[in-house]
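A.B. asks: Following this message is one structure expressed as structure tokens.
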């Protein structure tokens, strides 16, 4: 029997890679639902190929532009943010891949848990924003979270079969991004095109900027905290420019387990969809003789203070992670539109983290109100 799959964000980099996996394992999956923000051209191509029962399009103008095509194929159309949320509440599927960008993915994750659907989670912001709410909801649900981020998939695989009490620390690796070797004094001059040019990974625009500021690595520490339950002081970051070791765990006796492979998101996506099986895939294989040197460095917190701000948010708890994440969503978008400079991203994010109305145990409504507060506050900064 085929696994029934919903993909939120099917036209983004994660969604496109996920559909490559589905195409490769075409006898394993049935695509039931797809969603897009505004890229209806790619969405229609996906609909023609995979024939889902329904799609959600957040951009209502875009939705109307393809309505007649969808009607002719018998595909239901859900419009706007409300349509996306409705789609995430459908329980006639086995797994939902959340490949949405930024804080927009939080509520769909909670919705899927509410209806008892398993989640392949590529949207780390869900946990950064609402880790406590999500973990509480999971305790009262049959849902399981399967991490998709390459680092967290690596940790997940390394922990398999281990006694968690015998693991002394988690080691998250990171490439260092495109500006690892660039002089800090030139950061104010960084252009959008430069920041989007990641040396190893082919990613979407938002996460590429997060990699350039290294905010993504800080957010990944928060994600690891909520996923695996380790004290943040037992989660370390190692810069590994080659991006071959995706992350590691260290055992109490000092032995280290690492998950290695070429930097290709299809690998962790496939594992999240086929867990607990490692099914055959014809992706590029790692060649030990091509990579004769694997190197490691300490993070440069002076160049990349975003990591420290994320760690600070984790220590403060409450709404701190949500405030930092909400701010980062907006500032990255402003930078991509050339409305602020590269260094303004970090500056504004820190100001929001320090000044937001902090709540220790926020509800979903509290987080929605915080989103409005952050959006109104940033133009003043």
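A.B. asks: Only one residue in 349, 333, 325 is part of a helix (DSSP H, G or I), closer than 18 Å to residue 226 by Cβ and out of contact with any strand residue (DSSP E or B) (no Cβ under 7 Å at 6 or more places or on another chain), so which one is that?
C.D. replies: 325
A.B. asks: Only one of 238, 221 is surrounded by fewer than 18 Cβ atoms within 10 Å (Cβ to Cβ), in contact (Cβ under 8 Å) with a residue 40 or more places away in the chain and touching a strand residue (DSSP E or B) at 6+ places or on another chain (Cβ under 8 Å); which?
C.D. replies: Details: 221 fails: surrounded by fewer than 18 Cβ atoms within 10 Å (Cβ to Cβ).
Step by step, each of 238, 221 is checked, and only 238 is surrounded by fewer than 18 Cβ atoms within 10 Å (Cβ to Cβ), in contact (Cβ under 8 Å) with a residue 40 or more places away in the chain and touching a strand residue (DSSP E or B) at 6+ places or on another chain (Cβ under 8 Å).
A.B. asks: What number of residues within segment 267-300 are in a loop (DSSP other than H, G, I, E, B), touching a strand residue (DSSP E or B) at 6+ places or on another chain (Cβ under 9 Å) and within 22 Å of residue 237 (Cα to Cα)?
C.D. replies: Adding up the residues that qualify gives 6.
A.B. asks: Residue check: is residue 117 closer than 30 Å to residue 264 by Cβ, out of contact with any helix residue (DSSP H, G or I) (no Cβ under 8 Å at 6 or more places or on another chain) and surrounded by fewer than 24 Cβ atoms within 10 Å (Cβ to Cβ)?
C.D. replies: Details: closer than 30 Å to residue 264 by Cβ: yes; out of contact with any helix residue (DSSP H, G or I) (no Cβ under 8 Å at 6 or more places or on another chain): yes; surrounded by fewer than 24 Cβ atoms within 10 Å (Cβ to Cβ): yes.
When the stated conditions are applied, residue 117 passes them.
A.B. asks: Let me ask something else. Filtering segment 135-147 down to residues that are free of Cβ contacts under 8 Å to residues at least 24 places away in the same chain and in a helix (DSSP H, G or I), which residue is nearest to the chain's Cα centre (by Cα)?
C.D. replies: Selected residue: 136.
A.B. asks: Given the conditions (1) crowded, with 19+ Cβ neighbours inside 10 Å; (2) farther than 28 Å from residue 187 by Cα, report the number of the one that residue 275 does not fulfil.
C.D. replies: Tallying (1) crowded, with 19+ Cβ neighbours inside 10 Å; (2) farther than 28 Å from residue 187 by Cα, residue 275 fails exactly one: (1).
A.B. asks: With respect to the numbered conditions (1) surrounded by fewer than 20 Cβ atoms within 10 Å (Cβ to Cβ); (2) more than 30 Å from residue 331 (Cβ to Cβ), which one is the sole condition not fulfilled by residue 132?
C.D. replies: Condition not satisfied by residue 132: (2).
A.B. asks: Still on this model: Test residue 88 against the criterion of being touching a strand residue (DSSP E or B) at 6+ places or on another chain (Cβ under 8 Å), surrounded by 24 or more Cβ atoms within 10 Å (Cβ to Cβ) and in contact (Cβ under 8 Å) with a residue 60 or more places away in the chain, and give yes or no.
C.D. replies: So residue 88 fits the description; yes.
A.B. asks: Let me ask something else. For residue 83, state whether it is modelled with pLDDT under 95, surrounded by fewer than 23 Cβ atoms within 10 Å (Cβ to Cβ) and assigned by TED's automatic domain parsing to the domain that holds residue 55.
C.D. replies: Judged against the criteria, residue 83 is not a match.
A.B. asks: Regarding residue 192, is this residue in contact (Cβ under 8 Å) with a residue 24 or more places away in the chain, assigned by TED's automatic domain parsing to the domain that holds residue 215, closer than 30 Å to residue 337 by Cα and surrounded by 12 or more Cβ atoms within 10 Å (Cβ to Cβ)?
C.D. replies: Values: in contact (Cβ under 8 Å) with a residue 24 or more places away in the chain: yes; assigned by TED's automatic domain parsing to the domain that holds residue 215: yes; closer than 30 Å to residue 337 by Cα: yes; surrounded by 12 or more Cβ atoms within 10 Å (Cβ to Cβ): yes.
So residue 192 fits the description; yes.
Here is a yes/no grid of residues against (1) at pLDDT below 95; (2) over 27 Å from residue 245 (Cα atoms); (3) outside the structural domain of residue 102 (by TED's automatic domain parsing):
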residue: 275; (1), (2), (3): no, no, yes
residue: 290; (1), (2), (3): yes, no, yes
residue: 302; (1), (2), (3): no, no, yes
residue: 323; (1), (2), (3): no, yes, yes
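The rows are residues; the columns are (1) out of contact with any helix residue (DSSP H, G or I) (no Cβ under 6 Å at 6 or more places or on another chain); (2) over 30 Å from residue 251 (Cα atoms); (3) assigned by TED's automatic domain parsing to the domain that holds residue 12; (4) surrounded by 15 or more Cβ atoms within 10 Å (Cβ to Cβ).
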site: 170; (1), (2), (3), (4): no, no, no, yes
site: 173; (1), (2), (3), (4): yes, no, no, yes
site: 180; (1), (2), (3), (4): yes, no, no, yes
site: 185; (1), (2), (3), (4): yes, yes, no, no
site: 197; (1), (2), (3), (4): yes, yes, no, no
site: 228; (1), (2), (3), (4): yes, no, no, yes
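A.B. asks: Give segment 1-16 a look and list any residue that's assigned to a helix (DSSP H, G or I) and in contact with a strand residue (DSSP E or B) (Cβ under 6 Å, 6 or more places away or on another chain), or say none. Break it down into steps so the answer makes sense when it comes.
C.D. replies: As a first pass, look at segment 1-16 and keep what is assigned to a helix (DSSP H, G or I): 13-16.
Hit for segment 1-16 is 15, nothing else.
A.B. asks: For segment 148-163, indicate whether the set of residues that are within 30 Å of residue 333 (Cα to Cα), in a strand (DSSP E or B) and modelled with pLDDT of 95 or more is non-empty.
C.D. replies: no
The values are calculated or read from the model by the stated rules, or taken from the named source; none is laboratory data. Remember, predicted model here, so these are calculated numbers, not experimental data. Here the Cβ is made from the backbone with ideal geometry for all residues, glycine too, and neighbour counts use every protein chain on show.
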